[in-house]
Amino acid sequence: GKRAFIAGIADDNGYGWAIAKSLAAAGAEILVGTWVPALNIFETSLRRGKFDESRVLPDGSLMEITKVYPLDAVFDCPEDVPEDEVAESVKQDFGTIDILVHSLANGPEVSKPILETSRNGYLAAISASSYSFVSLLKHFIPIMNPGGSTISLTYIASEKIIPGYGGGMSSAKAALESDTKVLAFEAGRKHNVRVNTISAGPLRSRAAKAIGF
Ligand code: ZID
């Protein structure tokens, strides 16, 4: 079977959870990377059965999450856990993976029009939403099996004007899409690993509610 690492699950409402379920239903082993501030509540909820209804797979069995890792895609505090440490832990625990999913984004000033966005807000959006994928791929690629596949989630606000998707998040998705092409070229040639991004439709995740979408 394939082994998948999904970065960006902190509850059962987002894309990461839904992707994990599809991969589990297809027979993959599921490893999860959860943002440090959300880690405790996610693991506790999981253990106490709060997600059991959402864990039901088409065949009636429950999705198993083999291990949850702390992950911080920005890591500006010493207690945060950067991508290299996570990849190293996964390597020690399991050796290799086949599938890498990036389902995370953060734009602290997302509700501000870009014209009112601060430099810090803009750079934070790019850091958490775009460079986080570059960094994740860079650190996981050495432990990815040839023929492996990586995916991220984007949004059409990268190409078209969508008022309300501010704070540099439209810029961050444009960067993510451009990087997807360049990284597909590099990772494909060097490691035989595919790189794709899916432009997602609306889903009432925690992140989407925070923007009022
Ligand atoms: P989510 O809250 O389930 O996932 C985001 C995750 O990122 C959370 O688990 C956070 O804890 C985690 N996170 C944030 N910062 C960090 C960090 N520094 N380090 C580690 N983890 C961190 O929300 P989601 O499922 O909406 O988001 C997953 C991906 O889907 C993101 O890349 C989104 O940009 C993308 N996406 C979502 C939607 C949507 O509707 N939910 C859309 C497009 C793309 C979209 O916004 N019409 C209107 C809006 C949209 C589509 C159509």
Taking the range 26-43 and keeping residues more than 10 Å from the ligand (Cβ to nearest atom) and of a type in the set (S, T, N, Q) leaves N40
Exactly one of E79, E85, E116, E64 is of a type in the set (D, E, K, R) and crowded, with 16+ Cβ neighbours inside 10 Å, and that residue is E85
Quick count over the range 149-206, residues being more than 13 Å from the ligand (Cβ to nearest atom) and touching a Ser or Thr at 6+ places or on another chain (Cβ under 6 Å), is 2
Worksheet item: Looking at the range 89-102, is at least one residue open to solvent by 70 Å² or more (accessible area, probe 1.4 Å), at pLDDT 95 or above and either basic (K, R) or out of contact with any Leu (no Cβ under 9 Å at 6 or more places or on another chain) (or both)?
Response: yes
Counted residues in the range 30-59 being out of contact with any helix residue (DSSP H, G or I) (no Cβ under 8 Å at 6 or more places or on another chain) and under 22 Å from H102 (Cβ atoms) come to 9
message = I'd like to check something: does the range 3-21 contain any residue that is away from the ligand (no atom under 11 Å from the Cβ) and open to solvent by 60 Å² or more (accessible area, probe 1.4 Å)?
response = no
How many residues of the range 45-77 are within 15 Å of the ligand (Cβ to nearest atom), part of a helix (DSSP H, G or I) and not aliphatic (A, V, I, L, M)? The answer is 2
K209: passes all of (1) within 10 Å of the ligand (Cβ to nearest atom); (2) open to solvent by less than 90 Å² (accessible area, probe 1.4 Å); (3) in a helix (DSSP H, G or I) but (2)
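The values are calculated or read from the model by the stated rules, or taken from the named source; none is laboratory data. Predicted model only: the values in this text are computed from it and were never measured. Using ideal geometry, Cβ is built from the backbone for each residue, glycine included, and neighbour counts are taken over all protein chains shown. Just so you know, the surface numbers come from the protein's heavy atoms only, side chains and all, with ligands and any DNA or RNA stripped out. Shrake-Rupley method; radii C 1.70, N 1.55, O 1.52, S 1.80 Å.
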